[in-house]
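I have placed the structure first, in the form of structure tokens, so that the comments after it can refer back to it.
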Amino acid sequence: EGTRLVIRNVPFETNRKELRDLLSAYGELTSLRLPKKFDGSHRGFAFADFVTSQEASAAKEALEGTHLYGRHLVMEWAEEDQSMESIRRKTARYFSKLNEPAPGAKRQKIEEDLADNADGAFEEAFI
């Protein structure tokens, strides 16, 4: 346990001031970050840093499962390396893996193309 919490499932209607008001009832915040998407809206999670671990614990226990605009807030302890830079690296790795073809995908495509031409259409074109 530390002083940093990750708040997940934050409703998109929520703004930074509302979240700050909600969390500051349990202690003094040193920072509150709501990462944004390219379109300017936030990404549905936030990082809250409290002055003491007791304040962070109080907020976590009190707000776990709280409804905000119809969504249950999920309160978790932030990992040590859960900075914005580490999240960007993880996201980049995830999306770079999505763009890579699966192992054997090229061979499978060639085999499918050969199977499609099994009726001799390919050979007829060159005779």
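The values are calculated or read from the model by the stated rules, or taken from the named source; none is laboratory data. Given the structure is predicted, the values throughout are model-derived calculations rather than measurements. Quick reminder, even Gly has a Cβ in these numbers, built from the backbone with ideal geometry, and neighbours come from all protein chains shown.
Data overview
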read-out	value
Qualifying residues in region 1-52 (those that are farther than 20 Å from Arg71 by Cβ and among the β-branched types (Val, Ile, Thr)) - the one nearest to the chain's Cα centre (by Cα)	Thr3
Among (1) free of Cβ contacts under 8 Å to residues at least 24 places away in the same chain; (2) exposed (fewer than 13 other Cβ atoms within 10 Å of the Cβ), the one test that Ser41 misses	(1)
Single unsatisfied condition, Ala62 versus (1) more than 26 Å from Thr91 (Cβ to Cβ); (2) exposed (fewer than 13 other Cβ atoms within 10 Å of the Cβ); (3) of a type in the set (A, V, I, L, M, F, W, C)	(2)
Meets criteria (under 15 Å from the mean Cα position of the chain (by Cα) and either modelled with pLDDT of 65 or more or closer than 17 Å to Ser31 by Cβ (or both)) for Ser83	yes
